[in-house]
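The values are calculated or read from the model by the stated rules, or taken from the named source; none is laboratory data. These numbers come from a predicted model, not from an experiment. Cβ: placed from backbone, ideal geometry, glycine included. Neighbour counts: every protein chain shown. For accessibility, only protein heavy atoms count, side chains too; no ligands or nucleic acids. Shrake-Rupley method; radii C 1.70, N 1.55, O 1.52, S 1.80 Å.
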Amino acid sequence: MRLLPAVPAAMVSFFVSSAPAFADLKICNRMSYVVEAAIGIDDKAATATRGWFRIDPAACRVVVQGTLTADRILLNARALGVYGASPLPQNGSDTLCVAPGNFVIAAARECRSGQTPVPFTQVTPSQTDDGNMVAYLAEDSEYDDEQARLAGIQRLLVIAGYDAAPIDGVDGPKTQGALSSFLKSHNLPADTVQSPNFFATMIDAVQQPSATGLTWCNDTPHKVMAAVGTDDGKSVVSRGWYRIDPGKCLHPDISGQPKQVYSFAEAVDADNHTIKLKDKPLNWGGTKELCTRESKFETNEQGECTSRGFAATGFAAVDMASGGKTLRFAMP
């Protein structure tokens, strides 16, 4: 079983103020990630959840229309799988049920088949001048809308292999050069950047096989969780998990020029249980044993995996001699 990873690289915070009643409820994203959000409505004895609402950096999304009376409003947010091991910490005092795709769950404290329990955080939205209620998703960097949008573009450029670092929401020749190269290589006009669908365009481009670096492509009907290993000649680092949705590709973040790259992946169901065919796990690996564990992990110690709370998993060596390699995960 592989659980959705979580790493505290970017802190989610909610800027809130007290409010007794709610008009339209909006969630606004001031993060450098395209996120999917789910809300929980806790009203007396019943708790319902609904999602997923996709929200681009610097964008807002109405998640409840009309006046809403509720004892509590709760929120869960996750970054898209294209960002790799989940950069948003998944924590909160309430554990409620979610499901893949668009969902509405009326009784969200007892999960049924196909539903997954995840932590939700209670929020108290603030009232805007137009009478609506809003909750903000934010990082420690505390971007404003303009900075969040630019940082979101920088982050996707880096994932796509263009040098737009650092990801800081500050414009400059380096970011503009990377963006110009990205647009040119994908035959996109300059004004595409101002399109409301620009993040979708960028994500589609990122999720295509690349001529450089390692690309994973999921050709199965299942979700695939993958891990990568790198050997720089001094130490071997293993890191995971990366979520690759059906029909999508993903580029794991590999820094430097490692002497050897390793890969492991396995298909999982809606409950994050390993898919088995004739009692054999549906996975793609090899003979190089590296340490992994069920939740998000990164370790540069590869000995005595079990005694350190890890599992010894067989990774496959990836031939990167040509500078780029695409691994396609397909049904046998």
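Tally Lys/Arg at +1 and Asp/Glu at -1 over every other residue whose Cβ is under 11 Å from the Cβ of residue 237; what's the total?
-2
Given labels modelled 7 Å from the Cα in the Cβ direction, how far is it in nm from residue 269 to residue 93?
Going by the 7 Å Cα→Cβ label model, 3.5 nm.
Quick one: of 278/325; 223/278; 259/288; 223/296, which pairs are farther than 26 Å apart, Cα to Cα?
From 278/325; 223/278; 259/288; 223/296, over 26 Å: 278/325.
Grab the Cα-Cα distance for residue 306 and residue 71, subtract it from 0.36 nm times how many residues apart they are, and report the gain in nm with one decimal.
Gain in length upon complete extension: 80.1 nm.
Calculate, for residue 43 and residue 197, the FRET efficiency according to 1/(1 + (r/R0)^6) with r their C-beta to C-beta distance and R0 25 Å; round to the nearest 0.05.
E between residue 43 and residue 197, to the nearest 0.05, is 0.10.
Calculate, in nm to one decimal, what residue 163 and residue 188 gain on full extension: separation in residues at 0.36 nm each, minus their alpha carbon distance.
Difference between extended and current length: 7.2 nm.
What is the projected area of the convex hull of the Cα atoms of the chain, averaged over all directions, in nm²?
For the chain, averaging the hull's shadow over all directions gives 18.7 nm².
Check cross-link reach from residue 248 to the aspartates and glutamates: straight Cα distance under 18 Å, and skip same-chain residues fewer than eight apart.
36, 204, 219, 266, 269
Non-local amide H neighbours of residue 289 (under 5 Å, H modeled in plane, Pro and chain starts lacking H): which ones?
315
Straight-line reach only, C-alpha to C-alpha below 20 angstrom: list the aspartates and glutamates that residue 234 could link to, leaving out same-chain residues fewer than 8 apart.
Straight-line reach from residue 234, under 20 Å: 253, 289, 298, 301, 304, 319.
Can you give the calculated 222 nm mean residue ellipticity of the chain, where each DSSP H run of n ≥ 4 adds -39,500 (n - 2.57) and the sum is split over every residue, rounded to the nearest 500 deg cm²/dmol?
-3500 deg cm²/dmol
Straight-line reach from residue 184: which lysines have a Cα under 17 Å away, not including same-chain ones fewer than 8 places off?
Straight-distance partners of residue 184: 174.
Could you check the spin-label model distance between residue 257 and residue 317? Points 7 Å from the Cα along Cα→Cβ, value in nm.
Modelled inter-label distance: 2.0 nm.
Below 14 angstrom from the Cβ of residue 106, what's the summed charge of the other residues (Lys, Arg +1; Asp, Glu -1)?
That sum, taken over residues with Cβ under 14 Å, equals +1.
Round to the nearest 0.05 the FRET efficiency obtained for residue 331 and residue 245 when R0 = 25 Å and r is the Cβ-Cβ distance.
Efficiency, from the Cβ-Cβ distance: 0.95.
Just to confirm my numbers, what's the Cα centroid distance between segment 259-332 and segment 164-207 in Å?
32 Å
Relative contact order, percent, of the chain when contacts are C-alpha pairs under 8 Å separated by at least 6 residues?
Computed value for the chain: 18 percent relative contact order.
Working from Cα positions, state the angle (0 to 90°, nearest 10) between the long axis of helix 173-185 and the longest principal axis of the chain.
The helix 173-185 is inclined about 70 degrees to the chain.
Using a 1.4 Å probe on the protein heavy atoms only, what accessible surface does residue 276 show? Give it in Å² to the nearest 10.
Estimated to the nearest 10 Å², residue 276 gives 130 Å².
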